[in-house]
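Shown next, in structure tokens, is the structure this report addresses.
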Amino acid sequence: MRLIGLDPGLRRTGWGVIDMTGSRLAHVAHGTVTSDDAADLAVRLRQIHDGVVAVIAEQRPDQAAVEETFVNRNPASTLKLGQVRGVVMLAPALAGLPVAEYAPTRVKQAVVGTGRADKDQIRAMLKVLLPAVEIAGADAADALAIAICHAHHSGPQARVAVALAATRPAAGKAAPRVRVAVR
């Protein structure tokens, strides 16, 4: 099963793809999707969305996992990050992929063994779990950690979700109609 981890960010959204065969994990690819700092927010959100869609089309994952947003001291930054998360979650959902969400502490717990691990500890464990992989950038490292977390937590449910996803309409095909009632 192929998993993609996504670490949402307005400047850089990290992505990491791994293959899971039984309990074995194998690195496939990783990188970042960037947006133009000088562009309007709507344009930047579209750039992130289009980039994630392109990665999904190229890598063809079976499932996606996204890091949950934490609330920081700046409400405007938190709101923008929430909007980016929505766009990042929409891309795999439109492709018919199940999307899981994980809190940062849960990702750290799954990869390092403690929810209070720092970025250096995560990178060190990634080198152990994915030997011979040169990870370019913190955003891509975080995305690989999210994918690994999903691999650890998905188990048999993941296989069921992949089977169910195969029965859904593919991207570009007509989806069932949804009725909206306005009162």
> Among the residues of the range 128-144, which ones are charged (D, E, K, R) and surrounded by 14 or more Cβ atoms within 10 Å (Cβ to Cβ)?
Replying inline: ASP139, ASP142
> When GLU134 is evaluated against the numbered criteria (1) assigned to a helix (DSSP H, G or I); (2) at pLDDT below 95; (3) closer than 17 Å to ALA26 by Cα, which criterion, by number, is the only one it fails?
Replying inline: (1)
> Pairs, please: C-beta under 6 Å, at least 6 apart or cross-chain, first residue in contact (Cβ under 8 Å) with a residue 40 or more places away in the chain and among the hydroxyl-bearing types (Ser, Thr, Tyr) and in the range 63-76, second surrounded by fewer than 23 Cβ atoms within 10 Å (Cβ to Cβ) and outside any loop (DSSP other than H, G, I, E, B)?
Replying inline: THR69/LEU81; THR69/GLY82; THR69/ARG85
>> For the condition in contact with a Ser or Thr (Cβ under 8 Å, 6 or more places away or on another chain), at pLDDT 95 or above and not polar (S, T, N, Q), what is the one hit in VAL66, VAL71, VAL99, VAL84?
In response: VAL84
> Does ILE18 meet the test of being among the β-branched types (Val, Ile, Thr), touching a His at 6+ places or on another chain (Cβ under 7 Å) and within 22 Å of LEU129 (Cβ to Cβ)?
Replying inline: yes
>> Testing VAL160 on (1) exposed (fewer than 13 other Cβ atoms within 10 Å of the Cβ); (2) at pLDDT below 85; (3) not in a helix (DSSP H, G or I), one condition comes back false. Which one is that?
In response: (3)
> Counting only residues that are loosely packed, with under 13 Cβ neighbours inside 10 Å and either among the aromatic types (Phe, Trp, Tyr) or outside any loop (DSSP other than H, G, I, E, B) (or both), how many does the range 103-123 have?
Replying inline: 2
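The values are calculated or read from the model by the stated rules, or taken from the named source; none is laboratory data. Fair warning: this is a prediction, and the values are worked out from it, not measured in the lab. Neighbour counts run over all protein chains shown; Cβ positions are idealised from the backbone, glycine included.
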